[in-house]
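Quick notes on the structure that follows.
The values are calculated or read from the model by the stated rules, or taken from the named source; none is laboratory data. Remember, predicted model here, so these are calculated numbers, not experimental data. Cβ placement follows ideal geometry from the backbone for every residue including glycine, while neighbour counts extend to all protein chains displayed.
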Amino acid sequence: MSTTIEEVKKQLSSQSEQERLAALSETLNYGQQGLELLIEQSIKDPSDRVKQFAYRVFRGDNSWLMENTPENLITCPTDIITCLAISPDNTILVGGSWKKIWVWNLQTGEIIRSIEGSIEGHSHWVLSVAISPGGNTLVSGGADKNIKVWNLKTGQVIRTLNGHSSWITAVAITPDGKTIVSGSTTKTIKTWDLNTGNVKETLQDPKELSSVLSLCIGSIPILQVYKSMI
């Protein structure tokens, strides 16, 4: 194991994909600084395998990591479901995965559609999804730093929201269907006007040392935030 974070950074700059994969496994030994290094590498690295592997390290999937070391890793599965949401009428189930959003009929289990490969879609892991109270709009947040607003009925992108500087790990929609709330690994929460895509407010506590991993909005204006413990 590398003894300093500078050695890990050097490995992450290597031309060898195997060396970069090995370095990812060590980043979280260095606390918040290592976490930021892991996420930065996953965003900028040219290899899809490195980006996929970074998510496993971030999630702390130790049993999988022990079985799939950088030395024997052939390919990372791309059908991992990272997040789920159910429509208010309990008829639709939506799940996010690697560059793809799945839409199922919740009553029959049949796939209605999968959204992928579009120039307007996500280019990294889809880490969070939320369905509007009316059931017509889907919001997704990804490791590509983008929030996508979709027409759930057609699978078409309505708009893309940019503003976070790192992975977007949580999205939620207020009960009135007017506001998107998003959280990221930069310890930042943003609120957005769903209809215009404009940022309404940015919340950040500089004293916090953890990432925002989940959001939950109640029927009254109270926002519950769950954070990682790094």
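Answer yes or no as to whether S184 is within 18 Å of L38 (Cβ to Cβ), modelled with pLDDT under 85 and either surrounded by 14 or more Cβ atoms within 10 Å (Cβ to Cβ) or touching a strand residue (DSSP E or B) at 6+ places or on another chain (Cβ under 6 Å) (or both). Reasoning before the result, please.
Working: within 18 Å of L38 (Cβ to Cβ): yes; modelled with pLDDT under 85: no; either surrounded by 14 or more Cβ atoms within 10 Å (Cβ to Cβ) or touching a strand residue (DSSP E or B) at 6+ places or on another chain (Cβ under 6 Å) (or both): yes.
For S184, the condition - within 18 Å of L38 (Cβ to Cβ), modelled with pLDDT under 85 and either surrounded by 14 or more Cβ atoms within 10 Å (Cβ to Cβ) or touching a strand residue (DSSP E or B) at 6+ places or on another chain (Cβ under 6 Å) (or both) - is not met.
Scanning the stretch 41-53 for residues being crowded, with 17+ Cβ neighbours inside 10 Å and without any contact (Cβ under 8 Å) to a residue 60 or more places away in the chain gives a total of 5.
Could you tell me whether I81 is closer than 15 Å to Y55 by Cα and either modelled with pLDDT of 95 or more or in a loop (DSSP other than H, G, I, E, B) (or both)? Yes, satisfied.
Within the stretch 20-36, the set of residues being modelled with pLDDT of 90 or more and more than 18 Å from R59 (Cβ to Cβ) comprises just one member, R20.
Residue under question is G95, and the condition is that it be closer than 20 Å to A143 by Cα, surrounded by 15 or more Cβ atoms within 10 Å (Cβ to Cβ), modelled with pLDDT of 95 or more and small (G, A, S); does it hold? Judged against the criteria, G95 is a match. Among the conditions (1) buried (at least 19 other Cβ atoms within 10 Å of the Cβ); (2) at pLDDT below 95, the only one that S87 does not satisfy is (2).
Within the stretch 152-166, residues that are more than 15 Å from V181 (Cα to Cα) reach partners that are in a loop (DSSP other than H, G, I, E, B) and of a type in the set (D, E, K, R) with beta carbons closer than 9 Å, at six or more positions or on different chains, in the pairs Q156/E120; V157/E120; S165/K145; S166/K145. So E7 passes all but one of these: (1) surrounded by 17 or more Cβ atoms within 10 Å (Cβ to Cβ); (2) modelled with pLDDT of 90 or more; (3) part of a helix (DSSP H, G or I). Which condition number does it fail? It fails just one condition, (1).
Contact annotation: residue pairs with Cβ atoms under 7 Å, 6 or more positions apart or on different chains, pairing a residue in the stretch 81-101 that is at positive phi with a partner that is modelled with pLDDT under 95 and not in a strand (DSSP E or B), are N90/L106; K99/E116; K99/G121; K99/H122; K99/S123; K99/H124.
All of S128, S165, S182 fail the test of being in contact with a Cys (Cβ under 6 Å, 6 or more places away or on another chain) and in the same structural domain as C216 (by TED's automatic domain parsing), apart from S128.
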